[in-house]
Amino acid sequence: MSDPNQEFQAPPPPFTKSESAPAETLSTPATLTGIFFEPGRVFTALRDRPRFLIAGLVLLLLTIGVTSVVYQRIDMGQYIRDKMEKSPRNANSTPEQKEMGVKIGKIVGAVGIPLSVPFTIAAGAGLYLLGVMAFGGSITYKKSLAVWVYSSLPPAVFASVVAILVLFLKAADTIDPEHMLVTNPGAFLGPDSSPVMVALLSQFDLIRFYGLFLAALGLRKVAKLSSGSAWGIVLTFFIIRAVLAIASAAIFGG
């Protein structure tokens, strides 16, 4: 029989899954596929186990693949030469200087674009880290890498598919390598259109908006931010990028 004088102890609070259960662990294949269909579930899993290496390698391979097809389908030397002829900055350049510029441009495009992928990932993760801190949140750099890479993966896949279709369905001499994505209004402007207008309209890209949605969702899930704070970070960087692109078009003509 229990002692009636024993001090009464309240029963423990009921177990709630949302408060006590660990986040679901997903395998790498499940993470790579789930980001397309269940992004919220994937980002929740990445909060406790952030990963980015395999997805980052996929981004690099996609960039290498599309760049290779571009150089196979388009005479990049002639494309760069035509751009230089139209630029007022090269009005006083000698033919030898222009040809040297063409050679350098081809090398930069073929090698520099793929090499820029890891630097872009590292810098983008750093910006997300700073953005979360500015909005009063907390996130590690590794988690920022996971958010950047996995929010970039689906848009990169869709953009690569669109680019490959354009490269093989359109005549090579009618393709503008800088505006192959037909998912924004800027892609439908003619070659004689204002560079500023092209840059402005190119910001309203469906695939880019999809990436913004994934980035905001990822920051909200991984950094446990409010929806307003997550969208504030993403839109801030989107506006800065858009302003820089438009300013570059106004200053340099492209």
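The values are calculated or read from the model by the stated rules, or taken from the named source; none is laboratory data. All of these numbers come straight from a predicted model, not from anything done at the bench. As a convention, Cβ positions derive from the backbone with ideal geometry for all residues, glycine included, and neighbour counts pool all protein chains shown. Please note that ligands, DNA and RNA were not included when accessible areas were found on the heavy atoms of the full protein model with its side chains. Shrake-Rupley method; radii C 1.70, N 1.55, O 1.52, S 1.80 Å.
Within the stretch 20-63, restricting attention to residues that are in contact (Cβ under 8 Å) with a residue 24 or more places away in the chain and open to solvent by 70 Å² or more (accessible area, probe 1.4 Å), the residue that is farthest from the chain's Cα centre (by Cα) is PRO22.
GLY112 passes every criterion in (1) open to solvent by 80 Å² or more (accessible area, probe 1.4 Å); (2) free of Cβ contacts under 8 Å to residues at least 12 places away in the same chain apart from (1). Taking each residue of the stretch 86-103 that is under 22 Å from ALA250 (Cα atoms) and looking for partners that are modelled with pLDDT of 80 or more and open to solvent by less than 60 Å² (accessible area, probe 1.4 Å) with beta-carbon atoms closer than 9 Å, six or more apart or interchain, yields ASN90/GLY101; SER93/GLY101; GLY101/ILE80. Among the residues of the stretch 213-243, what is the count of those that are more than 15 Å from LEU129 (Cα to Cα) and touching a Leu at 6+ places or on another chain (Cβ under 7 Å)? Residues flagged as more than 15 Å from LEU129 (Cα to Cα) and touching a Leu at 6+ places or on another chain (Cβ under 7 Å) within the stretch 213-243 amount to 1. Would you check if ALA122 is open to solvent by 40 Å² or more (accessible area, probe 1.4 Å), among the small types (Gly, Ala, Ser), farther than 21 Å from ARG208 by Cα and free of Cβ contacts under 8 Å to residues at least 24 places away in the same chain? So ALA122 fails the test.
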